[in-house]
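For reference, the structure is listed below as structure tokens.
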Amino acid sequence: MSQRSVPSAASAPPALHHAGPDPGAPPRLQLKGISKVYPTVVANDRVDLAVRPGEIRAILGENGAGKSTLMKIIYGVTHASAGQMLWEGREVQVANPAHARRLGIGMVFQHFSLFETLSVVENVALALPGRPALGELAQRISEVSERYGLPIDPRRHVHALSVGERQRVEIIRCLLQNPRLLIMDEPTSVLTPQAVKKLFETLRQLAAEGCSILYISHKLDEIQALCHTATVLRGGKLSGECIPAEETPQSMARLMIGKELPHCEHSAAQAGGEVRLSLAGLSHASLTPFGTDLKDIHLDVRAGEIVGIAGVSGNGQQELLRVISGEETLAEKFPVHICGVEAGSLRPGARRRLGLTFVPEERLGRGAVPDLSLTDNALLTAARGQQLVTGGFVRFGRARAFAERCIAAFNVKCGGPGAAAKSLSGGNLQKFIVGREILQAPRLFVCAQPTWGVDVGAAAFIRQSIIDLRDRGCAVLVISEELDELFEICDRIAVIAKGRLSPSRPAGETSVEDIGVWMSGLWPGSALMQAATPAYAEPLDV
Amino acid sequence: MFELEARAEPSRLMSWLSPLLAVMLMLGGGVLVFWALGKDPVEGFRVFFLNPLKDFYSLSELLLKATPLMLCAIGLAIGFRANVWNIGAEGQFMLGAAAATGVALYFDGSDSSLLLPVMIVAGALGGAAWAAIPALLRTRFNANEILVSLMLVYVAQLFVSWLVFGPWKDPDGFNFPQTRMFGDAALMPALLEGTRLHYGFLLAIAVLIAGHAFMNRSFAGFRMRVAGAAPDAARYAGFSAARMIWVGLLLGGAAAGMAGMAEVAGPMGQLTDKVGSGYGFAAIIVAFVGRLNAFGIFLASLLMALLYIGGEQAQQYLNLPSSISMVFQGMLLFFLLGADVFINYRLRLRRRAPRSH
């Protein structure tokens with residue numbers, strides 16, 4: 001998280017606390033000594049938790065702190081190994097999510113479970129018991145969406161909805177069952193700062209009507225803006241409770257990670273380096289039915305600078321990365337230049353020989369092969385550059401040595417180079433992959449979601465490594481959905497929206513607010529600004 | 001009562017125990033089959049499973065039967081590891097046999113010591129050429145290689161029939177659908193005096209070793225493993241998916257073709273329309289029972305050979321149809337797939353389910 005004071009959309013004045021819950025009311029939900037033991041890990045260790053009617057309680061913790069497991073226990077997705085759960089004063093054992101919904105518990109997951117080819121009303125109908133009449137249901141959806149400021153057309157197909165709209169469908173689906181407890185799992189990771197504000201208004205209204213809300217997040221500013229109370233988890237254990245309005249981000253970070261938030265050393269970029277990546281009028285139709293087409297993208301990335309691309313997920317980031325990495329090749333060479341060579345039709349191996357290395361968003365299954373050892377995974381991209389193969393045969397000694405170098409230089413905690421990739425935690429595997437790509441001394445380094453799902457310490461380490469790489473004269477392109485991260489490490493920031501790329505702005509001369517507006521496709525001179533067609537009547541709703 | 005609990009990671013021990021468990025269950029199932037057919041189960045067991053192992057000659061016959069299975073299975077395993085599903089080794093086997101026969105007939109009467117090596121190469125090329133058809137259709141038109149390779153088996157069968165009923169029919173063969181017998185220079189020399197075991201067995205062992213080196217030591221083999229385990233990672237690393245399909249199918253076809261060559265130049269000594277005796281299909285089971293691993297395939301091919309010979313014995317001594325060996329093959333694969341569940345899951349007694357109210 002940034003030490004630079006970035007004004008954040010979520011940190012609205014904390015004027016909401018007047019609507020807080022009645023402190024004397026009995027808890028709606030109470031957990032006593034909940035533990036969950038998996039074969040290799042204790043996910044929850046004697047956790048206590050209580051939430052009262054009308055209370056918005058944050059569940060704060062790093063990735064792997066046990067937040068999601070605890071919520072899955074409440075929602076009946078999994079069962080506690082020990083402990084007691086009281087619902088409105090009576091002990092219950094939630095057998096499954098349907099049972100939880102009957103009790104009055106709703107949950108909105110981080111990853112949506114919607115059928116893309118069905119309409120909104122059909123998706124909602126599938127989640128309800130019995131066979132509701134679609135016409136009547138559409139009417140109820142409209143009512144709920146109006147009442148809580150969640151505009152949605154029940155007849156639209158899900159594949160045509162933005163991510164923010166899909167989240168609304170999930171929320172409405174919960175609200176139709178009149179929940180008395182709503183669990184939101186990291187709901188803002190897919191939203192623009194403006195959409196976050198709208199979501200918060202809805203949640204406050206729900207709480208004011210007496211609904212209890214458990215709000216899972218690791219974003220301290222959001223929790224301060226929204227939540228009445230917070231339960232902090234660390235390593236599966238309860239590490240403390242607090243009232244966010246009375247805390248500072250630093251004091252909450254201490255509860256969450258046990259120390260101060262680390263931050264990165266960042267000097268100004270060298271100006272005038274040579275252009276290492278150039279996209280010149282790149283257009284590319286998506287190969288998947290519900291993908292995003294890239295339209296007329298222009299971008300230069302120079303040696304010695306970090307360029308960031310912000311955007312709400314699903315706006316063409318995946319497609320752009322595949323075209324840059326060569327996982328999808330173009331028919332023509334000219335739209336993509338890598339280190340001065342026309343590379344549009346080159347395959348990934350040929351692009352690597354030009355000096356490109358690349359960290360993809362998915363670690364397991366794309367950046368690394370889960371079942372193979374770290375030595376084998378080092379071989380995956382470094383075989384040629386590090387001379388790990390001679391005469392068609394693998395030199396396992398050299399591959400192992402290179403893997404050991406990645407492990408040592410990037411401080412990867414693992415059982416050695418023979419450990420299977422999937423045995424590493426997310427943060428450690430990401431450090432290994434970033435290490436593997438950086439230690440090949442790239443001339444152009446492209447990284448997607450560098451710290452997605454990575455704990456705070458590893459995230460700071462990875463960001464610093466990227467900055468150090470830049471200082472050694474490498475050109476760096478970072479694509480991330482975390483605005484804070486982009487503002488922390490980037491020299492220039494551009495925004496991708498609906499497959500188009502905005503012009504870039506120096507990070508110091510723009511703000512989270514501005515970039516947030518751009519994330520809806522509204523930058524000066526953009527196609528949307530010029531032609532506000534009815535389809536884009538509410539461009540802020542992405 | 002019981003429930004399956006996911007293991008933290010797949011059990012290595014179980015992945016080797018699972019084939020043994022499958023064999024035990026197959027034996028148990030076999031006893032039931034004998035009993036259901038009104039045969040004495042003990043006698044059936046003795047005839048089926050022990051007769052083929054009773055003396056030196058029987059053991060040499062076992063190795064002879066195992067030879068084509070080993071060859072086909074190691075070739076298939078290379079493709080299977082990369083998720084290239086070549087189901088048509090049977091057809092590639094027949095085309096390899098036909099190509100080798102073509103060489104033998106063309107140089108009929110030659111006594112050159114080069115004849116056998118040329119026949120081996122011809123067999124490999126014949127099998128590879130037949131496998132190239134599904135590879136081409138898959139990479140060009142995305143046609144499913146499972147269906148194409150399987151259907152080509154029947155085309156291959158008809159092609160071989162046409163050869164032996166037509167142009168290659170032995171003029172002195174009383175109109176039987178078979179070619180003339182090969183000359184001595186076109187026949188695999190015997191490996192052990194007084195048995196039918198021939199040098200094709202050594203060829204199979206050499207191919208097993210080469211296959212092992214390819215799969216575990218070469219970069220091409222590494223790429224195939226990555227493609228099979230994580231296709232997105234292969235694409236990310238820049239390993240060409242089309243190349244995997246070509247390599248997997250061509251190597252599988254070449255190995256099956258060599259097996260076909262070893263069959264016509266070995267125990268058969270000629271090409272007939274009965275050349276395909278299911279080795280190519282049985283090899284699929286061998287490859288999986290052998291865990292797609294060279295040493296495992298060696299053992300599994302011995303087991304499968306035992307089932308073949310046991311079936312012949314059961315036909316001779318117990319008056320059972322020879323298809324009994326296919327019943328055993330089927331049971332073996334069935335139990336293996338079932339037992340493989342325990343690689344990723346363990347069985348445990350379930351607690352009382354929480355009551356909802």
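The numbers here are math on the coordinates, done by the rules we state, and not lab data. Please read these numbers as outputs of a predicted model, since none were measured by experiment. Every residue, glycine among them, receives a Cβ derived from its backbone with ideal geometry; neighbour counts consider all protein chains shown.
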Relative contact order [Cα under 8 Å, 6+ residues apart], the stretch B:40-319, whole percent: 39 percent
Separation of the B:Arg7 and B:Leu158 label points, Cα + 7 Å toward Cβ, nm: 4.7 nm
Local electrostatic count at A:Leu226 - Lys and Arg +1, Asp and Glu -1, tallied over other residues with Cβ under 14 Å: -1
Chain A, Cα convex hull volume normalised per residue, Å³: 155 Å³
Unsatisfied cross-links (Cα-Cα over 28 Å) in the set A:Lys36/A:Lys259; A:Lys67/A:Lys498; A:Lys72/A:Lys219; B:Lys39/B:Lys65; A:Lys67/A:Lys259; A:Lys237/A:Lys431: A:Lys67/A:Lys498
Under Karplus coefficients 6.51, -1.76 and 1.60, residue-wise ³J(HN,Hα) of the stretch B:83-88 in Hz, glycine/proline x: 6, 9, 9, 7, 9, x
Under 12 Å from the Cα of A:Lys295 - aspartates and glutamates, other chains or at least 8 residues apart: A:Glu319
Whole-Å distance, taken between Cα centres, linking the stretch A:69-97 and the stretch B:283-356: 43 Å
Cα-based helix-to-principal-axis angle, A:134-147 vs chain A, degrees rounded to 10: 90 degrees
Nearest-20 debye value, the protein assembly as shown charge dipole, Cβ charges on Lys, Arg, Asp, Glu: 1180 debye
MRE, 222 nm, helices only [DSSP H, n ≥ 4, -39500 (n - 2.57), over chain B, to nearest 500]: -22000 deg cm²/dmol
Percentage of interatomic Cα-Cα distances in the stretch A:155-249 larger than 18 Å: 51 percent
Other-chain or far-sequence residues with amide H under 5 Å of B:His198's (modelled H): B:Leu191
Cα principal axis extents for the stretch B:291-353, largest first, Å: 54, 32, 12
Per-peptide average of other Cβ atoms within 10 Å, ordering B:333-340, B:287-294, B:190-197 highest first: B:287-294, B:333-340, B:190-197
Number of partner chain Cβ atoms within 10 Å, mean per residue of A:358-366: 3
Per-residue mean of C-beta atoms belonging to partner chains within 10 Å, peptide B:326-335: 0
Long-range amide H partners of A:Ile297 with built H, under 5 Å: A:Gly281, A:Leu282, A:Ser283
Calculated P(r) tail over 20 Å for the stretch A:400-483, as whole % of Cα pairs: 31 percent
Net charge over other residues, Cβ less than 14 angstrom from the Cβ of B:Leu69 (K, R count +1; D, E count -1): -2
Convex hull volume per residue for chain B, taking Cα atoms only, in Å³: 187 Å³
Ranked B:Trp130, B:Trp162, B:Trp85, A:Trp452, criterion: other C-beta atoms within 10 Å, fewest first: B:Trp162, A:Trp452, B:Trp85, B:Trp130
Label zone at B:Asn344, where the point sits 7 Å out along the Cα-to-Cβ direction: the stretch A:43-76 residues whose backbone N lies under 18 Å: none
Which of A:His111, A:His218 has the fewest Cβ neighbours within 10 Å, and the rest in rising order: A:His111, A:His218
Mean ellipticity per residue at 222 nm, deg cm²/dmol - from DSSP H runs of n ≥ 4 across chain A, formula -39500 (n - 2.57): -9000 deg cm²/dmol
Total charge dipole magnitude, the stretch B:40-319, about the Cα centre, Cβ charges on Lys, Arg, Asp, Glu only, Debye to nearest 20: 1180 debye
Straight-distance crosslink candidates among lysines, where the alpha carbon sits under 19 Å from B:Lys169 and sequence neighbours closer than 8 are dropped: B:Lys274
Projected area averaged over orientations for the stretch A:225-364, convex hull of C-alpha atoms, nm²: 12.7 nm²
HN-Hα J in Hz across the stretch A:279-288 - Karplus 6.51, -1.76, 1.60, θ = phi - 60°, x for Gly and Pro: 10, 10, x, 6, 10, 7, 7, 5, 7, 9
Nonlocal amide H pairs with A:Phe393, under 5 Å, H built at 1.01 Å: B:Phe219
The stretch A:66-81 residues near the modelled A:Gln110 label - backbone nitrogen below 17 Å, point 7 Å along Cα→Cβ: A:66-75, A:77-78
Shielding of B:222-233 by partner chains, average beta-carbon count, 10 Å: 6
